[in-house]
Structures are given as structure tokens and as C-alpha cells.
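K.L.:
Sending over a structure as C-alpha cells; questions will come in a sec.
The values are calculated or read from the model by the stated rules, or taken from the named source; none is laboratory data. What you are looking at is a predicted structure, and each value in this text was computed from that prediction instead of being measured. Reconstructed Cβ throughout: ideal geometry from the backbone, glycine too, with neighbour counts over all protein chains shown.
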Amino acid sequence: MEKSPNQITEDLLRPLLRTSPKYYFAVALLAAVVVVAFAAFGYQAYSGLGVSGLRRPVFWGFYITNFVFWIGISHAGTLISAILRLANATWRRPVTRCAEVITVFALSIGAMFPVIHLGRPWLAFWLIPYPSERQIWPNFRSPLVWDFFAINTYLIGSVAFLTLPILPDWALVRDKASGWRKRVYGFLSLGWRGTPRQWSRLESAMHIMAIVIIPVAVSVHTIVSWDFAMAPVPMWHSTIFGPYFVAGAIFSGIAALILAMACLRKFLHLEDYLKPLHFDNLGKLLLMMSLLWFYFVFAERLTTWYGNEPSEMAVFWTTQQGAYAPLFWTMVFCNFLLPFPILAIKRLRTITGTVIASTAVVAGMWLERFLIIVPSLSHKFLPYNWGTYRPTWVEITIMVGTFAGMALLYALFAKAVPIISIWELKLGLHEKSEVRSQETEGRGKLAFGGQEKLET
Amino acid sequence: MNGSDALQTDVSRLEKPALIVGLLALVISVGGGLHSPVQFFRSYLRGYVFWLGVALGCAAVLMLHHLVGGRWGFVIRRLLESGTRTLLVMAAFTVPFLLGLRFLYAWADPVRAHAETAIEDKALYLNVPFFIGRTIVYFAAWMLLAHFLNKWSLEQDRTANPALTRRLQNLSGPGLVIYGLTVTFASVDWVMSLEPSWFSTIYGMIFMVTQALSAMSLVIVITLLLSKTEPLREMVTPPALNDLGNLLLTFTMLWAYLSFSQFLLIWSGNLPDEITWYTARATGGWAWIAVLLIVFHFAVPFLLLLSRFVKRRIRLLSAVAAGLVVMSLLDMFWLLAPAYDRAGPRFHWLDWTAVIGMGGVWFWRFIAQLKRAALVPLHDPRMARGAGHHG
């Protein structure tokens, strides 16, 4: 049963034009949590970082864990969407925008954490290399400065990548709505009229963006990994960290995307658009990433064990069978042992199955970030300098607040923008009908090797 | 459309000469080896790691193709399959290598193994019986994979059973995992342990990409030689070449990304145990080889492969690929040789005879396997879907 173009417009614009009381309630609830988190941050800024659990020797705790975690989640969108666009996977159409939004919001949230982590957050602008009168520049050899540039490049690129294909949809809302909506969406759609010239420009812009954004995304998480790997700390100074972090980021990103899609499907009644097929395909990608994740953990552990450096082995064993072992094995369970069978067996790779696997993966990947950061710091070189870390309520509140913040931003976005790209869906329908009509004429458009081969 | 007739024209003529040249070079190698066994085994290891890498790279790219499909794969699938069949001769070449362990590895030499603490600490892993056991396990796994990848593909040619595609796909997923794990172990065993106090966690990945890159480059060059013969002539179209070129570009970029990651982290850490690996490879004449690798293993092919003009022309694309084959060989030399020759690169004549000797036998086996079957898979349903006009 296929929807007509008018039906698609109607279905996907409904959330923008009508709002239920339940929606207001959910938004108010999420906003309240966010406000509490901001209050906790204000309290910390006022009293100093002493109210957090950060103590010698563990100076990176929940905040940096969340930083890496959210930047990781942000790899869901842009990267997956760009790859699917370039590979011209036709099933991508209803998925890309849900994914791209995750990038923009998760990245913004992640980028906040280094600032939250500062003792004097109001001095964060010192990271910006500007010609101050004291002639003090940031240390350009520090990956923290590279982070600043990489994350901002990625944020700008992702916003452009998200916004470009929204323009035709905003123009559609402008044409369908009346009153203040017409004026607002008219302004947002930047004069989109759908002329052939505009379409051709949009198409080439999207193609260029899709190619450019992939190396940018890879560089972001590589540089985040170098925040660790360039420091001579046991189990941080590991050459595999770049690709290891990138793979982990994509892994957690796909899981987050599946969860977001499941929520959208349920709350916005998009059962006819986000179909089991999409969850099945994303489930396969998640399976692949789970295997890759397993490889990275294995390669890292094997080589460290082989290297047999005393300071590294101290950290190695504390995660393998010491104080952090329960967390470590929970992580292995969540990232591999549980999702692997669910995703590998076709019968289990349903919507419920992929949601269960994704929930486990998101939790497991959060644990992974924690396990990379804290055990190394608490077991650094000299045993007299070993210690432990316990988060306080301030850190936990701020962390919970960011999850609520993500949900809040997502809910608000789904109200302002059609969460599924309407014109791309219609384009898909159009292409499908074209292929069908050509097949009946007996000349397949998908001929092997393209058009050149048609004459043989 | 039987591949063996078409093959007669070009490539199959090389079958016997390849074997003769190969055996001749090997005989000369052995002759030189009687004179200086140490140099013989060092040169032998260089050729061995390179040609084994090509065979394993073929297996990896082949499994990638089964997993994701795509028109590029059907063009080169039979070449890749024949490449995996050369694992048999590589297994035979393993025997002399295992006999010469104590000439190659400090840890396998009973005198030196007890003199260095770095080796004593690793004795649990680096010891001769365990090493040989692991090598047998690797080859068993690889040859089993190669066996089924070939068997089912050829069976599909005969029976046209579409279910075999599914079966190949189901094998390739776990197959790639097995490949990744075994190659990681093998790279530690065969190459990293040449300098037993050094280790790097990314090393296994660098090896995998090097293997895929050298296999892909070699296969593209062979595609040029075959592109005039019948079934391939129709399939080597600009779009298919474009895909192959993009894949080559991806591997080139990945190689640079991984190599740079390793270099940057070790350079910035500047720890005595680690940096010595790079200082050995950046002093004397080795620095020039490193520069050559940066320019011709990455920068030049990267820029050339960005251009559609290059990727869509078989001659240009295979010229780039041929350059990459040479650079992969040089890369292997740069990875292995500085473990012994600290002063600077020294190309011993045994290095050449070992590479040519094993290469000749490799090609003989490769061509013999290629002649067995049609040059393109006949009944893969995914290919039929893509190539309506063939059906």
C-alpha cells in the first residue's frame, strides 16, 4: 500500500500544524529537568569544582565521559546520512533527517561539557586564538585546541548539511499554512520557489557537502581521541585510539538513531514511513559496528598485554579483573554479547529487537568512555598516587539534564520542521514509478555499467 | 563464454614463464643462502610477507564484495578468487621460513632470548613452539575460508543456484572477523616481534589496509591485461572502473590516516621504547624512503585518484595502481628491513631474487587458477539484476 503525494504531505505536516496537550506536558517536564541541571551547574560555578567528585588523581570524570559520549552520538547523523546518500541507498529517504538532527544537537550538548568542566567557565573564550594585547596564544600543539576547531567546523558543516534539504520542505509549509506560520516559514525558506535552477544547485550542494563532511566527521573524533592518546598516561597512549574512537562513535550513533526513530514512530504515528525495513537495515549496520568494536577492544587489549609495560598492566588488570571489572564486563555484555545474537539472527532483528540492542549499546558505549578515562587516571604510574573516583549529585544531575535536553531539543525540532524529508520521499516515489514504466517498455534503467551499455 | 579460451590470448601465455622465472630466482636465492643464511632469511621474510599480503588482501576484498555487493566486484571477483587460491603456495613457502626463525627473531635465538629483559617478559607469547602453532592455525583458517569462497562461487557457475549468494554472504561476515583477528595476531608475530621491545596497537589495522591496497592495485593492473578478452571487455566500463578507483582511493586514504595516527602519537609521546622504531626508519637513507612513501604512496595517488578523468580510463587507472604495487613493496621493505639495517637501506641482491622468485610462483598458481573457470561469475543473481542485458 503506497501513499499518494498529498497523503504524505498531510501526514508529515500534521505535527507542525496541530499540537496535543500531551506534547505540552512532555515539553514542560523535560524543560524542568533541564532547568534543574542548569541550576546545578550554576551552583558548581558559584562554589567551585570542589562540589564535583573530581579529586587528585582523577581530574577527568563524568564531564569528560559525557563529552566524549555525546560527541560520539553526534556521529550518527551526518556521517551515516552522507554515506547513505553517496551510496545512493534508496531506503535512506525517511531516515536521513532524523539522523542529521541528532548530530547538530548532540554536538552542541557535547561541546558544552569542556566548559562545564572548567573551574572558571567564563574564561572559555581563551581557547579562541585571538590577538589579545598580552600576546598570549593557545598552545597550537595541544589537541584541546584542535578540538575547538574540529568541533566548530563539524557543527557549522552539520548545520548546513541539515538545513539545505529542509529549505524545500519549509517552502511547502509556507504554501500550506496561513497566518503567522506563513510569515515565519516564508522567511525561513529563503525564497525557495522550486525552479529547476534552484533544484540543480541544491543537488550539487548536497553532493559536495556529503563528500566534504565525511573527512570532517572522522577528524573530529580522531582529535577527541588524541586528547587522550597524546598524553603519556597508561592505556591512553595507544596508537589505535583514532579509528577506535571513530568506530565507537558511529556504533553509539547508530544505536541512538534507532532509538530516536522508534520514539518518532510511536509518538508521531509514523508507522507507514519508518518501517521494519529501516530498522532491519540499521540493525545490520549496528551488527557490523558491534563486530568492529569487538575487534578494536580485542586488538587494543591483545597488543597491550603483549607489550607488557608494568604501568599499563596495572590499568589493564584493574579493568580486567580488579575494581573496574564489573563495569568492563557489563560493557562487553552490552556492546557485544547481547546485541550480537539479537542483530545476527534475522528473526530477532525486529523493531523491538533493534531497540533492545540499541539501548544496551548506548549504555555500553557510555561505560566504555568512562572505562577509558577513569581507570587510567586512578592507576597512574606510582602506586602512592592511586585513587578512586565517585561522582556527586551535581555531576549526576547535569548528566541527566543533558539527556533530557537532547529529548527536549528533538521534540521542539520535530514541531518546527517536518522530521521526515517530504520532498525526498516524493522524489523516491517518482523515481520508482519511472523505473516501473521503463521496465514495462523493456529497457531497464539500472543496466549494468550504466547507460553506455544499453546498445549491446 | 568460457574464460579459458579467451585467456589463451594474453595472460595464460605467462603461466609457464612465470613458473620458470620464479623457480630460477628461488634456486639462485637458495644458492646465495648457502653462502649467507642470515641475509637469505631476511630477504625471504620480505618477499614472503609481501606476497602473502597480496593473497590475504584478495580474500579480504572478496569478502567485502560478497557482503556489500556492487558492480565493481563482479569485474574482479574471479581475479580475487584466484588470488586467494595462492594461499596454498604461500603455505608451502612457510616451511623454510619456520626453519629460519632463529636467524630472523632475537626471541627465537636461545642466546639472545635470555640476554634481553624485553624478550624475557614476553617469553610466554614469543616462543618457537607457540609461534609455529599459531602459524598453523592462521593458515588453517585462511585456507578454509578461501576453499569455501571458491567452491560456492564456482558451484553457482554450474548450478545457477541463487541461494549460494546468500551462503557466500553469510560466510563473509564472520570471515572478515576471522581475517581481522588472525591478521592482527600474524602482524604481531611476524613483523612487530622483529623489534621485541616495541609495540603499537594500530599495527594490525595498518597491515590489513596494506594488504587490501596491494591486492587491489595488483588486481587492477591484471584487469588491464585482461580487459581486451571477451567477457571482461564488456564489463570493464567507465562506471565500473570509477568504482574500482574509488575503492583504491579509500584504501590509500585509510593507509595514510592509520600511518599518520601511529606516527603522530609516537612522535608526540617521544618515549624511548617507541620513538626508536621511527628513529631507525628516519635516519640514514631510510628518511628518503619515508619521504618517497609519503609522496608516492599517498600524495600523488591521492590527487590522481580524485579525478574522474583518471579513474574512468583503464590505462591511467592501472598506471596509478602499478605505482601503488611498487610502493607497497617499498613500504614492506621500510617496515621490515630497518630492524636489522640501522645504517641505511641496503638492497641486497637476495632481496630481489626472493621477491621475484616467490612472485613468479605466485603468478603461476594465480594464472592456473584463473584458467579453471569463466572470467566473470555467471549466475550471481545480484549481477543479473544489475546487468539485465546479459541474461
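K.L.:
List pairs: first in the range A:314-337 and under 14 Å from A:PHE298 (Cβ atoms), second hydroxyl-bearing (Ser, Thr, Tyr), Cβ under 6 Å, 6+ apart or cross-chain?
P.N.:
Taking only residues 6 or more apart or on different chains, the pairs are A:PHE316/A:THR304; A:PHE328/A:THR319; A:PHE336/A:SER290.
Residue-wise test of (1) within 21 Å of B:ARG166 (Cα to Cα); (2) of a type outside the set (S, T, N, Q); (3) within 14 Å of chain A (Cβ to nearest Cβ).
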{"position": "B:VAL68", "(1), (2), (3)": "yes, yes, yes"}
{"position": "B:PHE74", "(1), (2), (3)": "yes, yes, yes"}
{"position": "B:ARG78", "(1), (2), (3)": "yes, yes, no"}
{"position": "B:GLU81", "(1), (2), (3)": "yes, yes, no"}
{"position": "B:LEU87", "(1), (2), (3)": "no, yes, no"}
{"position": "B:THR94", "(1), (2), (3)": "no, no, no"}
{"position": "B:LEU104", "(1), (2), (3)": "no, yes, no"}
{"position": "B:TRP107", "(1), (2), (3)": "no, yes, yes"}
{"position": "B:VAL111", "(1), (2), (3)": "no, yes, no"}
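K.L.:
Looking only at helices (runs of 4 or more DSSP H) that fall completely inside the range A:149-260, which ones have 1 or more residues that are under 30 Å from A:VAL58 (Cβ atoms)?
P.N.:
Working: elements: A:167-176, A:180-188, A:196-229.
In the range A:149-260, the matching helices (runs of 4 or more DSSP H) lie at A:196-229.
K.L.:
Something else now. Which residues, taken from the range B:256-281, are in contact (Cβ under 8 Å) with a residue 60 or more places away in the chain and buried (at least 18 other Cβ atoms within 10 Å of the Cβ)?
P.N.:
Narrowing the range B:256-281 to residues in contact (Cβ under 8 Å) with a residue 60 or more places away in the chain: B:262, B:266, B:273-274, B:276-277, B:280.
The answer is B:GLN262, B:ILE266, B:GLU274, B:TRP277, B:ALA280.
K.L.:
Oh, and also: Assess whether A:LEU259 counts as being surrounded by fewer than 22 Cβ atoms within 10 Å (Cβ to Cβ) and under 21 Å from the mean Cα position of the chain (by Cα).
P.N.:
On the way: surrounded by fewer than 22 Cβ atoms within 10 Å (Cβ to Cβ): yes; under 21 Å from the mean Cα position of the chain (by Cα): yes.
So A:LEU259 passes the test.
K.L.:
Now a separate question. Since B:ALA354 meets every condition but one in (1) among the small types (Gly, Ala, Ser); (2) closer than 21 Å to B:TRP190 by Cβ; (3) within 13 Å of another protein chain (Cβ to nearest Cβ), which condition does it not meet?
P.N.:
Every condition holds for B:ALA354 apart from (3).
K.L.:
Which helices (runs of 4 or more DSSP H) sit wholly inside the range B:22-110 and have at least 3 residues that are of a type outside the set (Lys, Arg), at pLDDT 90 or above and closer than 26 Å to B:LEU244 by Cα?
P.N.:
By residue number, B:37-68, B:71-85.
K.L.:
Would a scan of the range A:99-109 turn up a residue that is without any contact (Cβ under 8 Å) to a residue 24 or more places away in the chain, at negative phi and among the charged types (D, E, K, R)? Walk me through it before giving the result.
P.N.:
We begin by selecting, within the range A:99-109, every residue without any contact (Cβ under 8 Å) to a residue 24 or more places away in the chain; these are none.
Checked the range A:99-109: no residue is without any contact (Cβ under 8 Å) to a residue 24 or more places away in the chain, at negative phi and among the charged types (D, E, K, R).
K.L.:
On to the next question. Does B:ASP331 satisfy being within 14 Å of chain A (Cβ to nearest Cβ) and within 22 Å of B:LEU80 (Cβ to Cβ)? Full working, then the answer.
P.N.:
On the way: within 14 Å of chain A (Cβ to nearest Cβ): no; within 22 Å of B:LEU80 (Cβ to Cβ): yes.
The answer is no for B:ASP331.
K.L.:
Among (1) without any contact (Cβ under 8 Å) to a residue 60 or more places away in the chain; (2) in contact with a helix residue (DSSP H, G or I) (Cβ under 6 Å, 6 or more places away or on another chain); (3) not basic (Lys, Arg), where does A:GLY50 come up short?
P.N.:
(2)
K.L.:
Go through B:THR223, B:THR252, B:THR210 for me and flag whichever is assigned to a helix (DSSP H, G or I), crowded, with 22+ Cβ neighbours inside 10 Å, modelled with pLDDT under 90 and more than 10 Å from chain A (Cβ to nearest Cβ). First the steps, then the outcome.
P.N.:
On the way: B:THR252 fails: modelled with pLDDT under 90; B:THR210 fails: modelled with pLDDT under 90.
It is B:THR223.
K.L.:
Can you tell me which residue within the range B:255-280, out of those that are among the aliphatic types (A, V, I, L, M) and under 21 Å from the mean Cα position of the chain (by Cα), is farthest from the other protein chains (Cβ to nearest Cβ)? Before you say what the answer is, go through the steps one by one.
P.N.:
To start, the set of residues in the range B:255-280 that are among the aliphatic types (A, V, I, L, M) comprises B:256, B:258, B:264-266, B:271, B:275, B:280.
Adding the requirement that they be under 21 Å from the mean Cα position of the chain (by Cα) leaves B:256, B:258.
Values: B:ALA256: 11, B:LEU258: 7 Å.
Among those that are among the aliphatic types (A, V, I, L, M) and under 21 Å from the mean Cα position of the chain (by Cα), it is B:ALA256.
K.L.:
Could you check the range B:163-179 and list, in sequence order, the residues that are within 12 Å of chain A (Cβ to nearest Cβ) and either buried (at least 21 other Cβ atoms within 10 Å of the Cβ) or within 20 Å of B:GLY69 (Cβ to Cβ) (or both)? I'd like the intermediate steps shown before the answer.
P.N.:
Step one: list which residues in the range B:163-179 are within 12 Å of chain A (Cβ to nearest Cβ), which gives B:166, B:169-170, B:172-179.
Matches in the range B:163-179: B:ARG166, B:GLN169, B:ASN170, B:SER172, B:GLY173, B:PRO174, B:GLY175, B:LEU176, B:VAL177, B:TYR179.
For (1) buried (at least 23 other Cβ atoms within 10 Å of the Cβ); (2) hydroxyl-bearing (Ser, Thr, Tyr); (3) outside any helix (DSSP H, G or I); (4) touching a Lys or Arg at 6+ places or on another chain (Cβ under 7 Å), each residue gets a yes or a no:
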position	(1), (2), (3), (4)
A:LEU16	no, no, no, yes
A:VAL27	no, no, no, no
A:VAL33	no, no, no, no
A:ALA45	no, no, no, no
A:TRP60	no, no, yes, no
A:TRP91	no, no, no, no
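K.L.:
Could you list all residues from the range A:391-437 that are in a loop (DSSP other than H, G, I, E, B) and modelled with pLDDT under 90?
P.N.:
Residues satisfying the conditions are A:VAL417, A:PRO418, A:ILE419, A:ILE420, A:SER421.
K.L.:
Could you look through the range A:319-342, keep only residues that are of a type in the set (A, V, I, L, M, F, W, C) and in a loop (DSSP other than H, G, I, E, B), and pick out the one that is farthest from A:SER378 (Cα to Cα)?
P.N.:
Start the filter on the range A:319-342 by keeping residues that are of a type in the set (A, V, I, L, M, F, W, C), which leaves A:323, A:325, A:327-329, A:331-334, A:336-338, A:340, A:342.
Cutting the leftovers down to in a loop (DSSP other than H, G, I, E, B) gives us A:323, A:338.
On the way: A:ALA323: 11, A:LEU338: 29 Å.
Per the stated criteria, the residue is A:LEU338.
K.L.:
Which residues, taken from the range A:62-98, are within 21 Å of A:ASP272 (Cβ to Cβ), in contact (Cβ under 8 Å) with a residue 24 or more places away in the chain and of a type in the set (Lys, Arg)?
P.N.:
Across the range A:62-98, the qualifying residues are A:ARG93, A:ARG97.
K.L.:
Here is a further query. Picking from B:ARG315, B:ARG308, which residue would you name as being modelled with pLDDT of 85 or more, surrounded by fewer than 21 Cβ atoms within 10 Å (Cβ to Cβ) and within 14 Å of chain A (Cβ to nearest Cβ)?
P.N.:
It is B:ARG308.
The rows are residues; the columns are (1) assigned to a loop (DSSP other than H, G, I, E, B); (2) surrounded by fewer than 21 Cβ atoms within 10 Å (Cβ to Cβ); (3) modelled with pLDDT under 90.
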{"site": "B:GLY284", "(1), (2), (3)": "yes, yes, yes"}
{"site": "B:ILE289", "(1), (2), (3)": "no, yes, no"}
{"site": "B:LEU303", "(1), (2), (3)": "no, yes, no"}
{"site": "B:ALA321", "(1), (2), (3)": "no, no, no"}
{"site": "B:PRO345", "(1), (2), (3)": "yes, yes, yes"}
{"site": "B:ARG365", "(1), (2), (3)": "no, no, no"}
{"site": "B:HIS379", "(1), (2), (3)": "yes, yes, yes"}
{"site": "B:HIS389", "(1), (2), (3)": "no, yes, yes"}
